[in-house]
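No value in this document is a laboratory result; all are computed from the given coordinates. What you see is a predicted model, and the numbers here were worked out from it, not measured in a lab. Virtual Cβ from ideal backbone geometry, glycine too; neighbours counted across all protein chains shown.
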Amino acid sequence: MNRRGFLKQSSASLTLAGGAAMAGCVGRGGERLTMAGYTGGDVSIRTGELVAFETSLDGAIIRRADAGYNDARTIWNACIDKRPALIAQPRSTTDVAKVVRFASQNGVSLSVRGGGHNHCGFAVSDNGLMLDLSQLNRGEFNRESSSAIAQSGMTWAQFDGLTHRAGLATTGAIVSMVGLPGYTLGGGIGWLHRKFGAGCDNLIGAEIVTATGDIVRAGLRDNEDLLWALRGGGGNFGVVTKLRYRLYPLSHVLAGLIFFPLDDVDAVGAFLDGYLADAPDDLNVWMLHRMAPPSPVVPRNHHGKPVLILAVTWTGDEATGERAIAPLSKIAAPIATAIKWRPYPEWQSALDGAWGDGFCNEWVGGYLNAYDGPVRDIIAKYVNIATSPLSDVKVARLGGEFSRCGDADSSFGHRDANYAYVIQTRWPRDEDSARHLAWTYNFHRALKQVDAGGVYVNFIGKNEPATRVEAAYTPSTLARLRAIKSEFDPDNLFSQNANIVP
Ligand SMILES: Cc1cc2nc3c(=O)[nH]c(=O)nc-3n(C[C@H](O)[C@H](O)[C@H](O)COP(=O)(O)OP(=O)(O)OC[C@H]3O[C@@H](n4cnc5c(N)ncnc54)[C@H](O)[C@@H]3O)c2cc1C
């Protein structure tokens, strides 16, 4: 089916799937509803206005007293405990437009939930209107044009499941439960960015509901400026309802983990820094530094001890990959090696078990020019005194196709950096957060002394100042993003994100 056919069919069938709208009808008892306003303060909504809004939707509105409210407001980061006044679960783009119009016309604070995985918790806010896209989770691929259109409530697991059937893939997140929109609009790195570019580089079209409730398209031929902004500028320009991705032939990868004691980080790191500088685009390596998990592939005596894990992906043929990866297992004596030829979605979900929801999380990050001695010393020092065995710091080699995209192609910056890093602190919800956060921020302060400057928007910490977002872009990119923001969202309705102030 062609793209237009898909759009038409999805909207028609989703409309038929509606009907739950009257469940939990708003305005019961004739009261007015006080909600948080998006310019500050509260706004008061008339009952008639609410009822008209609710009955106009094919999808559902969930209120605090309704069954399902707690499930719907819960996001990946368990330390985010916000209680929206209303949760809208649209069933079509038209529904999304109605929700956005309701928020903008009534001055209501609006948060947008794609996959709900952003650690800062942008997807939900206290007493606002949460626009939950999870019901819009269908996709369609087009073999002829090697592209796929996805509704924006899809996760990478759902998307990869769809495209893998045709032996196709594009650059997604390294954990499959992550949502397409937050990842892609922020930039998107993963197991494939060196081969196929960043996630956003493969975004070739989008359908967006703007702050006025208008439905617009952005593509390589229409609204190119908007497409450029969506490739790295985050959720600042509207609610993206459909994303169109370029796909590549990729069915299997040679991929897995090589474990070393963290004491070997210098030997391994010194070799890697040189080896990866000349490596083919097919080789993608992330360095994970953490306490060894109690995994069956890791010998028991190493469980809970500091390790360096190389997460290796090879996208070429198996025999060449074996030759390219072999030197990595010989740098020092690995504790364990678990690399195999496997379907891409299997590798794409291999880390899911360690990154499920229900835990508290804080992430902070930046870029590195080199994975050199000073960097490795700081990492080793802090990982050895980590406050939680669940935390890690990941360093991803960039370069390859990722670095061939320039500022003219996308707003996702820092293409010349050799590595991106992210400190991922994770702890049980019932533990006091203070010491985990102190470790995170001390570690980050130390790394910032030696990093390359800049940050990837999806790795900005929850408690970093709002101005940190400026470090994600060059001054000229930021100026262009601000101009596009001013055109599409001059009043900053879409402010619950790494915000570009119009
Ligand atoms: C376990 C885990 C693994 C991760 N792995 C990677 C990785 O490998 N590579 C990487 O680059 N990042 C990774 N991330 C970071 C991830 O890309 C971001 O957290 C991203 O924001 C999550 O997207 P989401 O749609 O799930 O988030 P949400 O929390 O739903 O949304 C995040 C932001 O995007 C905006 N947004 C969401 N949907 C839309 C929409 N439809 N239209 C407009 N704006 C929207 C929201 O308003 C919010 O500001 C990972 C995160 C987690 C938790």
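What number, in percent, do you get for the relative contact order of region 252-471 if the mean sequence gap of Cα pairs under 8 Å and at least 6 apart is divided by its residue count?
26 percent
Excluding residue 83 itself, calculate the net charge of residues whose Cβ lies under 9 Å from the Cβ of residue 83, where each Lys or Arg counts +1 and each Asp or Glu counts -1.
Once all neighbours under 9 Å are counted, the net charge is +1.
Provide the gained length on full extension for the span residue 224 to residue 409, in nm with one decimal, where the gain is 0.36 nm per separating residue minus the Cα-Cα distance. Present the calculation step by step, with values, prior to reporting the outcome.
Details: separation 185, 0.36 × 185 = 66.60 nm, distance 0.99 nm.
Stretched out fully, the residue 224 to residue 409 stretch lengthens by 65.6 nm.
On full extension of the chain, what length is gained from residue 144 through residue 445, given 0.36 nm per residue of separation minus the C-alpha to C-alpha distance? Mind showing how you got there, number by number?
On the way: separation 301, 0.36 × 301 = 108.36 nm, distance 4.91 nm.
This chain segment gains 103.4 nm when fully extended.
Which of 96, 455, 145 sits farthest toward the positive end of the charge dipole of the chain, with +1 on the Cβ of Lys and Arg and -1 on the Cβ of Asp and Glu?
96
Can you classify the chain as rounded, prolate or oblate using the Cα gyration tensor, where a ≥ b ≥ c are the square roots of its eigenvalues, rounded means a/c under 1.5, and otherwise it's prolate if a/b beats b/c and oblate if not?
Prolate, since a/c reaches 1.5 and a/b exceeds b/c.
Quick one: if you stick a label point 7 Å off each Cα along the C-beta vector at residue 56 and residue 42, how many nm between them?
Using points 7 Å along Cα→Cβ, the separation is 2.4 nm.
Compute the long axis of helix 373-384 from its Cα atoms, compare it with the longest principal axis of the Cα atoms of the chain, and write down the angle in degrees, 0 to 90, nearest 10.
70 degrees
Quick check on the exposure proxy: order 367, 38 from fewest to most C-beta atoms within 10 angstrom.
By the 10 Å Cβ count, ascending: 367, 38.
Place a point 7 Å from Cα of residue 83 in the direction of its Cβ. Which residues in region 38-71 have their backbone N less than 11 Å from it?
What the label zone holds, given the 11 Å backbone N cut-off, is 64-65.
Could you work out the local net charge near residue 391, counting Lys and Arg as +1, Asp and Glu as -1, over the other residues with Cβ closer than 11 Å to its Cβ?
Numbers: positive: 290, 394, 426; negative: 362, 392.
Result for the local shell: +1.
Which entries of 98/242; 82/448; 82/462; 381/448; 394/462 show an alpha-carbon separation above 20 angstrom in the structure shown?
Distance filter (> 20 Å) returns 82/448.
Below 8 Å, C-alpha to C-alpha, sequence gap of six or more: please give me the relative contact order for region 139-249 in percent.
31 percent
Just name one of 500, 219, 171: the one whose Cα is farthest towards the positive end of the charge dipole of the chain (beta-carbon charges, Lys/Arg +1, Asp/Glu -1).
Towards the positive end, the residue furthest out is 219.
For the chain, what is the calculated [θ] at 222 nm in deg cm²/dmol (nearest 500), taking -39500 (n - 2.57) for each run of four or more DSSP H residues and dividing by its residue count?
Working: 15 runs with 142 residues, N = 502.
Mean residue ellipticity, 222 nm, calculated: -8000 deg cm²/dmol.
Give, as ranges by residue number, the residues of region 137-160 whose backbone N falls under 16 Å from the point 7 Å along Cα→Cβ of residue 204.
Inside the label zone: 140-150.
Let's test the formula: R0 of 51 Å, r as the Cβ-Cβ distance of residue 275 and residue 64. What FRET efficiency results, to the nearest 0.05?
0.40
Using only Cα atoms, tell me the angle between helix 433-448 and the longest principal axis of the chain; keep it within 0 to 90° and round to the nearest 10.
Tilt of helix 433-448: around 60 degrees.
Search the structure for amide H atoms under 5 Å from the amide H of residue 367, placed 1.01 Å from N in the peptide plane, and list their residues when 5 or more places away or on another chain.
421, 452, 453
Taking Cα pairs under 8 Å and at least six residues apart, what relative contact order does the chain come out at, in percent?
Numbers: 1169 pairs, mean separation 72.8, N = 502.
It comes to 14 percent, rounded to a whole number.
Just want the ordering: 426, 221, 194, from fewest to most Cβ atoms lying within 10 Å of their own Cβ.
Working: 426 21, 221 9, 194 27.
Lowest count first: 221, 426, 194.
Any chance you could give the angle, 0 to 90 degrees and rounded to 10, that helix 475-488 forms with the longest Cα principal axis of the chain?
Approximately 20 degrees, to the nearest ten.
For a quick protection proxy, order the peptides 119-131, 430-442 by their average other-Cβ count within 10 Å, most packed first.
Order by mean packing, descending: 119-131, 430-442.
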